[in-house]
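Notes follow once the structure below has been shown.
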Amino acid sequence: MAPSEAYQPNWHVRAISAPGPDTDLSLHVSFDNARFLFGCGEGTQRAFTQKRMSMRGLAGIFIGSGEARSRAGLAGVLMTAADGGISKVDIVGPPDMSHYLSTLRSSVIRDSLTVNMHSYPRSSSSGEAVELFKSANITVHGIALIPESTNEAGPSTRSYQDYDPHSVSFRPSRLSPLDAQKWCDQIVADIFHNGPKARASRRAPPPPPSTQSQGEGSKSPSRRRSSPPSTLANPYVNPDDTICSSIPDTRYPLPLPSKEDVQTQMVYICQAPDVRGKFNVEKANKLGVPKGPARGKLTKGEQIEVDDPSVEGGKRIVKPEDCLVGGGPGSVLVVVNCTEQTKSSLMENTYFHKYQPARSTEIGAESMHVHLIVHRVPESVWDSEDYREWMKAFGDSTQHLIADPVECPDRTVFNSAAWNTLQLSIANSDVFTPPFVTSPHPTSRVDLPPNTSFLLEGSYCRMHPPAPVTVVDNHNKDTPFLISHSEAESARDTIRQDMPEYSHACDEAHTAILADPRSTNSTPSSIGDDITVTTLGTGSAIPSKHRNVSSTLLSIPDVGGILLDAGEGTLGQTKRRFGKEGTTKLFEDLQMIFISHMHADHHLGLNSVLEERFKLGITAPLFLIGPTNIALTLQESASWQHAAPSQQALQNVVFINIQRLGFKIDNRNQPRSRSPSPASDAGKEMDQWEKEGVEDRQSGVRGWPYTNIYGFSPAATHDHWRELRRLMSTLSLKSIWAPVVPHRGRAYGLAIEHTSGWKIVYSGDTKPSEELVTAGQDATLLIHEATLEDDKPEVAAIKGHSTFSQAIEVGKKMKAKHILLNHFSQRYPKLPKLPSAKPKPVTIEESGMNDSAIPSVDQQTEPIISISFDFMSIKIGEMWKMSYYMEPLSLLFVETEEEGEGEDTVLGAVKHDINPTVENVNGGGSEGKSGKDKAKAKNKNSNINNNGKQKKQDNPSDKVSQIKRPASPSNIDDQPQLKRRSTDSSSGIVDEKMDVEI
């Protein structure tokens, strides 16, 4: 667009989500030709899907603070935007914004996306207004509200390293804050510009192997290296002498941002271009403006000269405003993020005086009108007298929306999942617990400033042409879920009346369960039957309206809790499922977190979980098992570390390197010969990088971890075995094994066996794995991914996943007593099509057995199989009941199945179910299907439907889908271009990665 062509803005602001238990403020600012996002907390991409809003045209994302809560959804939004065809996004945020994205370099890769960083400059002072972004649509000035340092030691006297990425001695952790910001900007550029395959090929050569103790922590001696010499080549320097900064190298961590960085709040002042008025011909004629090009210049905002003999020189200037009517300054939007720590900095800032009529007069400036101010501030700020006066100073015509991040209304954004679970609770309210709300309505206040209201999801304000704040209606499949726990039975009664066939099927299932001998037998329960499994997230790749991404909680009596993976939104799902008090109790009992691999849908929620524990005052020991790049990400992340109430609390977060658990480790026969004696001085010997880590901690640029966790040095070996023994003792484990499983990138399963006899196996993401079968022999419970239907085995193999039948077959091979299937492709929005029929109950009379002769679970030859749903909690000993619920569920979800037919939905989703890694980001096997294959797949689907799931026109449950009910099934078309995403830059180069970590 040429500079002389003024853009005529028609734009509005809409709240996609508001602060709540599982979301944060996210404003969608929409122009005719561009979209902008202010705030990007966890769940933002899922909210887009829930609200049927597209990311098409997304041009910029503005992050409101240094808090993880305000930006923890950024990675997911960026990857989804890239998969949707967006080629460029600008990101604006506080000073540590590029650092935050840099910490995700192990798992966030999108070569097709260009990301332009606009972090608030470190060279600017707190409160200074800086132009951070400008486009034809909008100009944005940012003000960073940085709290005063609380460092009791006084100003830092540490010296910094010169910025020279080519130097052999280059260490990112020893750069000045200004140079570190520059380095992180480069990392972000590399993450989104360079292919991972190219980065891997340009890595520095690994150090040569040397002699060390045999059998240490791995089956492969080739993965064990000695400490690299100080003369090792800089890994960031490519053979062509260019710099590749985005390698996640555990030897070269980024410095830890300060507590002030985390507490920094941003204020954005958004100015649209001036509105061009309408050309007034009558005025132009009176001023003597000739017809033709001269009038065109005026309409473009240029002044002209006209002949006028009555003035000196014979020429008179005509300005655009002389002939244009109805124009004026563009609308102004202000987004304020502020806390008690930063309020004084905001109140004292004189930049806002020009927007406040009385104060603009005092300084002799022309007052500029602000149409809308959105305040993301707690009640302790917005309800204070000085802040209220500051709001009023903008004038009575300025509109205000308050989004309180602390005392916020408890309203659900993900209404589809909430209604879905409420409907499921008709089948069993103990297994399916809806995410009931507690206080869905904002506080009623009569003393708010003029034109002030509380922000809700759906709050809407047209900026030009200007209009008052309103609330947009939800679409017909997004009915607000405002049901509290006390209203549950009444809501269920309404559903029973509206859905009689489904309710009748549930009643029949209850009767059948009561008739099953397992409901009445008096035989002792089997070991492990009392373990409760809660599936917090059961979808794959990206969150959908009905299924969040991976996370499963095991609640084990006399042991505590174990969390298996923590995808984005895990904390929000936990709060919704258990409530405030239940979440606190859960975290108090939590003993271990297991992260299976580096794909983002399995770990992006981990930081929030750790931070929340500390905010709740929980400092008990917590064991964390995962890949070393998980540890690197946590080491470089500030928000969860600065939330810790003490150093001891941080020390109690104990990391165990999953790469050293690749064989069965028995507590009675741990390989002590593999590690030096704890009392041995040699066992505490540190390598160069570990010594540098100690120095960095002393200088304040490193906090956690407090043990040596990377590589295979004597010190790391000593610490590993000490903490592993501590884990097994604390959880009373008989054995632990994390076998490598076949997936796109290095991934791990888990098999843990308790001294009491139960054994639980978790597959993570994997194709059928013989090593997992070996590790999981005689499992009490196998939790296995079942991403795709049985008619997609080739696709599953390409994607590194399992079909339903493949997952079940793995369980049968390992002689698992129970199999719980999860990680379903998002193309099955609600109910996957399982290849099993409803069981026929066998009564005592029919079996010819007395009560004591009923076979126990231990005597069964066939495993008990169940599928999983979000918010589902079930004891292992009651999993057999799930098979009886399949018939009612097929009625409940019949409409969804039919909406999933067709190439644009089922096959289209499969085609986009990709997982870019080093091996496949630049191409790979064929992912499409021929016409024959498509027809074959369709026929196969029809055969499955005939097993109690007829096509819609033949199914007597048509009546169910016609009933107006609180929750309607989703349409896959609402979720365009779903892609398997989340990547691992270490994939395919794991051996080299091991070399780096030594």
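The values are calculated or read from the model by the stated rules, or taken from the named source; none is laboratory data. Only a predicted model underlies this, so the values are computations on that prediction, with no experimental measurement involved. All Cβ positions, glycine included, derive from the backbone under ideal geometry; neighbour counts span all protein chains shown. Heavy atoms of the whole protein, side chains included, go into the accessibility calculation; ligands, DNA and RNA do not. Shrake-Rupley method; radii C 1.70, N 1.55, O 1.52, S 1.80 Å.
One table, with the values for the structure above:
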{"item": "Accessible surface, per residue, of region 749-804 when the full set of protein chains is kept, probe 1.4 Å, Å²", "result": "22 Å²"}
{"item": "Cα centroid separation, region 13-43 to region 505-562 (Å)", "result": "35 Å"}
{"item": "In Å², nearest 10: area of VAL168 left accessible to a 1.4 Å probe", "result": "70 Å²"}
{"item": "Å² of accessible area per residue within region 612-668, as computed with a 1.4 Å probe and no ligands counted", "result": "28 Å²"}
{"item": "Residues of region 763-791 with amide N under 16 Å of the 7 Å Cα→Cβ point at SER805", "result": "768, 786-791"}
{"item": "FRET efficiency for ARG388 and ASP473, using Cβ-Cβ distance with R0 set to 51 Å, rounded to 0.05", "result": "0.95"}
{"item": "Spin-label proximity, THR532 to region 552-579 - amide N less than 17 Å from point 7 Å beyond Cα toward beta carbon", "result": "552-564, 573-579"}
{"item": "Rg/Rg_ref, region 281-431, where Rg_ref = 2.2 N^0.38 Å and atoms are Cα", "result": "1.81"}
{"item": "Fraction of accessible area attributable to carbon and sulfur, region 96-190 (%, probe 1.4 Å)", "result": "48 percent"}
{"item": "Amide proton proximity set for PHE454, modelled H, under 5 Å, gap of 5+", "result": "ILE402"}
{"item": "Whole-percent pair-distance distribution, where bins are 10 Å wide, for the alpha carbons of region 672-810", "result": "11, 28, 26, 22, 12, 2"}
{"item": "Ranking by accessible area, most exposed first, for TRP11, TRP737 with a 1.4 Å probe", "result": "TRP737, TRP11"}
{"item": "Alpha carbon Rg of region 443-482, scaled by the compact-globule rule 2.2 N^0.38 Å", "result": "1.43"}
{"item": "Using distinct alpha-carbon pairs, which all enter the 1/r mean, Kirkwood radius of region 73-139 in Å", "result": "13.3 Å"}
{"item": "Sequence of THR470, THR139, THR538 when ordered by accessible area, the most exposed leading, probe 1.4 angstrom", "result": "THR470, THR139, THR538"}
{"item": "Convex hull volume per residue for region 48-106, taking Cα atoms only, in Å³", "result": "96 Å³"}
{"item": "Reference-scaled alpha-carbon Rg (2.2 N^0.38 Å with N residues) for region 511-579", "result": "1.45"}
{"item": "Rounded to the nearest 10 Å², the accessible area of VAL281 at probe 1.4 Å", "result": "80 Å²"}
{"item": "D_trans [Stokes-Einstein, Kirkwood Rh over alpha-carbon pairs] for region 687-760, 37 °C, 0.692 mPa s, µm² s⁻¹", "result": "222 µm²/s"}
{"item": "Pairs of alpha carbons in region 364-497 whose separation is greater than 27 Å (percent)", "result": "38 percent"}
{"item": "Equivalent ellipsoid semi-axes - Cα gyration tensor, region 17-152, angstrom", "result": "24, 17, 15"}
{"item": "log10 of Debye I(q)/I(0), alpha-carbon scatterers only, for region 415-470 at 0.16, 0.20, 0.30 Å⁻¹", "result": "-0.71, -0.83, -1.18"}
